[in-house]
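Colleague: One structure coming up, written as structure tokens, with questions to follow.
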Amino acid sequence: MEAAIRRVIAPLSGVVVAAALVAGALLAVGSGSGSGSQPARSSGGTYAVGQFNMAGGTTEHGGKHNEAPDALAEEIKDRRPLSVTMQESCRDWDERLKERLPGYTVLFSPVRNLEVDPGTPARCHHPTDFGNTIVFRKGLGFDRDDTDVHQLGSTDGDEYREMVCVRSEPRKLVVCSAHLTTGEGKYLASREREVKKVQRVLAGYGDDGYTVLFGGDVNDLPLSGVLDHLYARGYGHGARGAFKEAASPCGNAVKPERRSAELPRSRYAPCRSGEPTHSKGKLDYIFVSPSVRVESSGLNFSEHSDHKQLWARIRLGKGARG
């Protein structure tokens, strides 16, 4: 597996010990030894998984307080997901989620500024730290000490982009969250570097025997060259990645098109497509290892973000060993 920045993590109320020469810290919003304190059961079964950009960096939504995390907490209580990957999250929002979700661990990974005041902590549109988050259910073998933070090699954009991952060693399962650079020109070039690093890291986990669940705001459209690096080759249209897309209109099938006998060929839908998660189109994705079976997916509107929540139901089998 490609080398990662390793950080020792502690509850928000405690002391955070960061790896030497690395700015910022990874925080597990929880108590005790994390979710690893409960024994892991068989890895098989059907689970919900979620992906959501909380828009903490926007002027419209980033100044909100408890109403944003409270609404998400209710969704999580209703759906009982295995995990939710989040971007543009805020430290105080994650503290609120921890209070509202006693059955979950909330893992917050702050990021640093790049273009303005390089290296300083990035901030939400209210006075708190800004970053990526993974919310994961306790009792599934995940442990906050089994966390990796991968720098993605950003050269331009608002922040140094990172991917945070948490592993369940008993189940050989890894969940990762990332937010890639937005924009064209030099920003597109940075995003292309970032997605190549994401591809290498996720492939490394797969080579080490992990079942991969990746959720992120990739900031590009399904048929873009950026997404070529994540979609499995069977999706066609230039795909050269290794992963199944859980919110594809083709569901569990990895193929170029969704065909229908009732439609002319000109109206066949590429499997690399889907409903928009943002006004700019489909920017949010959940990618999973080929061994994972996708059973369903859908979007949920949130009045507290400019992104929609993305949800999928997946089945883990022998590919995620217990």
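Colleague: For a distance above 20 Å, tell me the whole-number percent of Cα pairs in the range 55-195 that qualify.
Modeller: 48
Colleague: What accessible area per residue comes out for the range 268-307, rounded to a whole number of Å², with a 1.4 Å probe?
Modeller: 43
Colleague: Next up: Taking K and R as +1 and D and E as -1, what net charge do the other residues with C-beta under 11 Å from the C-beta of N53 add up to?
Modeller: -3
Colleague: Would you check the accessible area of M163, probe 1.4 Å, heavy atoms only, in square angstrom rounded to 10?
Modeller: 0
Colleague: So, one more: Where does the charge balance sit around G241 when Lys and Arg score +1, Asp and Glu -1, over other residues with C-beta under 12 Å from its C-beta?
Modeller: Taking every Cβ under 12 Å from that of G241, the sum is +4.
Colleague: Given points 7 Å out from each Cα along the Cα-Cβ axis, report the N66 to E169 separation in nanometres with one decimal.
Modeller: 3.8
Colleague: Follow-up. Can you give me the accessible area per residue for the range 73-222, using a 1.4 Å probe, in Å²?
Modeller: Dividing the accessible area of the range 73-222 by its residue count gives 32 Å².
Colleague: Rounded to the nearest percent, how much of the accessible area of the range 178-241 (1.4 Å probe, protein heavy atoms only) is carbon and sulfur?
Modeller: 51
The values are calculated or read from the model by the stated rules, or taken from the named source; none is laboratory data. Keep in mind it's a predicted model, so treat the numbers as computed, not measured. No Cβ is skipped: glycine too gets one built from the backbone with ideal geometry, and neighbour counts run over all protein chains shown. Accessible surface is based on the protein model in full, side chains and every heavy atom, while ligands, DNA and RNA are left aside. Shrake-Rupley method; radii C 1.70, N 1.55, O 1.52, S 1.80 Å.
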